Structures are given as C-alpha cells and as structure tokens.
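Read through the structure below, which is laid out as structure tokens, and then see the notes.
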Amino acid sequence: MAQLLQHLINGLAAGTIYALVALGYTMVYGVLKLINFAHGDVMMVGVYMGYATAFALGRQAQRSMWGVVVIFAVAMVGCALLGFLIERFAYRPLREKPRLTALITAIGISFALSYGFQLDIGFLPGASPRAFPEVIIPSEWFIIGDRDVVIWNWQVISFLIAVALMAALQFLVYRTRFGKAMRAVSYDHRTAALMGIPTDRIIALTFMLSSALAAGAGLLYAIKDTSVSPLMGLYVGLKAFVAAVIGGIG
C-alpha cells in the first residue's frame, strides 16, 4: 500500500508536467488542426535557455526566489518568441497547402532543433548531456512511516506551479476576449475572419502561449530529472502527445 501511494505521488508530480506540454499540442491542433511535432523540441530549447540563465546568475542568485523567477521568465519569453518565428515563417505560408505538407515541415523543424543543438559551435551546447543547476535544493517535506512514503519539496513546488499555469490558461481561454477569439478560430477560422477576428494574430499568439507553457514544463522536468540533452524534447514530447490524444486533443 505504501508503494502504491508513493507511485501515485510521483506520478502526480510528473503527470502535471506532461499535462502542460500536452496543452501546447492541443491548443495548436485546436486552432490549426496541425500536430506540431516540434513542440517537444521547443520545450528543449526553453530548458537550455533556463540552463544558460541560471549559470549567468551564479550559484547564489539562481537559488533565490527572484533568481528562479528570472530563469522561468527568460525561458518562457524566449520560447514564446521562438514559437512566433516558427509559426510566422514555417507554418503560415503553408496554411492553405495540404496538411501533409505542414506535417512534414513540423517534423523537419523538430529535427533541425534537436540535431542542430547537438552541434558544438558558437552558443550551441553540443550533444553531451549536462546537469541542470540545483535551483531548488531537494529536501524531504513530508515522511510517512519509516520513510515508506516521502514527499519532496520539488514535487510540491512543481505541482503548484503547474496547477497555477493551468488555472491561468483556463481563465485566459474562458474569461478573456482573446480566449473567446481563440475558441472562435478553433471552431471555424474562415468564419471567424469574416466576423472581424484577426485570425493570423490569434494563431500566432496561440503558438506563443503554447511555447511558453512548454518552456515552463521543461524547466520543471529539468529540476526533477536534472539531466539536460538535445534529445530530451523527443522523449518528453512523445509522452505528452500520447497524453493529449488520450485526454482529447483539440
């Protein structure tokens, strides 16, 4: 029974991270009917942005509250910009083309990011895995029995951050004009355009939002797993895609 409870706690902490990545898949599919296979690799780029920011801040600053906020902010804003560039220059020109064309393009972007980051030139990190800095020092927050069940601080923090981001997204989608416009574009983007909704802007903002969520999820995953590599987005993205399909993509 204790083992089952421990597995449930571990699964809940990890599952919320995959859920954030899965939300990005379903948001993009909702507005474009496109499976963005580069989404996991965008997450990977966000992790490396957080990695670089953490080392730029230094050991003491990266473990402070404001340091963690800066790391998350830089990674999420950077990935939002990357998502905008991918949508603007890769997907938008293919919007009226057959869906297979956009799908092949998404796979190509995924390969370009995951294998491009394995180059050891300039600012690119190379193929060797790296250890993500301990921005949150692991500590046991709650112990049941003789260490039969242990809840770690990073599990609680990760769960709370993920739930907060999900709640913010829920509010954005159902309580704001942007959310209403996004739901209209998801239902029928041509009719939404005839009703005066700037569909290009809404789709671009949706890409930016999904990419920012992926970066946040990637940092939570890196804090949990500590190992960072250019191919990490492939494995995390695949699991998140399965979660999106099971949960009802779109």
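The values are calculated or read from the model by the stated rules, or taken from the named source; none is laboratory data. The model shown is predicted, which means the values in this text are computed figures rather than measured ones. Quick reminder, even Gly has a Cβ in these numbers, built from the backbone with ideal geometry, and neighbours come from all protein chains shown. Surface accessibility is based on the protein's heavy atoms, side chains included, excluding ligands, DNA and RNA. Shrake-Rupley method; radii C 1.70, N 1.55, O 1.52, S 1.80 Å.
For the stretch 28-86, how many residues are more than 30 Å from Arg99 (Cα to Cα), aromatic (Phe, Trp, Tyr) and surrounded by fewer than 23 Cβ atoms within 10 Å (Cβ to Cβ)?
4
Please enumerate the residues belonging to the stretch 226-246 that are open to solvent by 70 Å² or more (accessible area, probe 1.4 Å), within 17 Å of Met27 (Cβ to Cβ) and in contact (Cβ under 8 Å) with a residue 60 or more places away in the chain.
none
Among (1) modelled with pLDDT of 90 or more; (2) assigned to a loop (DSSP other than H, G, I, E, B); (3) more than 18 Å from Ile249 (Cβ to Cβ), where does Phe89 come up short?
Looking at each condition in turn, Phe89 falls short on (2).
Which one is farthest from Val149 (Cα to Cα) among residues in the stretch 1-15 that are at pLDDT 85 or above and among the small types (Gly, Ala, Ser)?
The selected residue is Gly15.
Identify all residues within the stretch 107-121 that are under 25 Å from the mean Cα position of the chain (by Cα) and open to solvent by 50 Å² or more (accessible area, probe 1.4 Å); write none if there are none.
Of everything in the stretch 107-121, those that are under 25 Å from the mean Cα position of the chain (by Cα) and open to solvent by 50 Å² or more (accessible area, probe 1.4 Å) turn out to be Ile107, Phe111, Ala112, Tyr115, Gln118, Leu119, Asp120.
Could you list, in sequence order, the residues of the stretch 139-181 that are aliphatic (A, V, I, L, M) and not in a helix (DSSP H, G or I)?
Within the stretch 139-181, Ile143, Ile144, Val149, Val150, Ile151 qualify.
Can you name the condition, by its number, that Lys97 falls short on among (1) surrounded by 16 or more Cβ atoms within 10 Å (Cβ to Cβ); (2) of a type outside the set (Ser, Thr, Tyr); (3) modelled with pLDDT under 95?
(1)
What pairs come up if the first residue lies in the stretch 196-216 and is farther than 20 Å from Phe72 by Cβ, the second is among the charged types (D, E, K, R) and open to solvent by less than 10 Å² (accessible area, probe 1.4 Å), and their beta carbons are under 7 Å apart, counting only those six or more places apart or on different chains?
Sorted first by the residue in the stretch 196-216, then by its partner, the pairs are Ile203/Glu87; Ala204/Glu87.
Which count do you get for residues in the stretch 28-61 that are assigned to a helix (DSSP H, G or I), modelled with pLDDT under 90 and within 30 Å of Tyr187 (Cα to Cα)?
Number satisfying all stated conditions: 3.
Residues in the stretch 199-215: is at least one surrounded by fewer than 18 Cβ atoms within 10 Å (Cβ to Cβ), of a type in the set (A, V, I, L, M) and either outside any helix (DSSP H, G or I) or under 18 Å from the mean Cα position of the chain (by Cα) (or both)?
no
Are there any pairs, at least 6 apart or on different chains, whose C-beta atoms fall under 7 Å, with the first in the stretch 168-185 and open to solvent by less than 50 Å² (accessible area, probe 1.4 Å) and the second modelled with pLDDT under 90 and part of a helix (DSSP H, G or I), and if so, which?
Met182/Val31; Val185/Val31
Looking at this structure, is Tyr25 open to solvent by 40 Å² or more (accessible area, probe 1.4 Å), assigned to a helix (DSSP H, G or I) and among the hydroxyl-bearing types (Ser, Thr, Tyr)?
So Tyr25 fails the test.
Give the stretch 129-151 a look and list any residue that's open to solvent by 50 Å² or more (accessible area, probe 1.4 Å) and in contact (Cβ under 8 Å) with a residue 24 or more places away in the chain, or say none.
Pro129, Arg130, Ala131, Glu134, Ile137, Ile144, Gly145, Asp148
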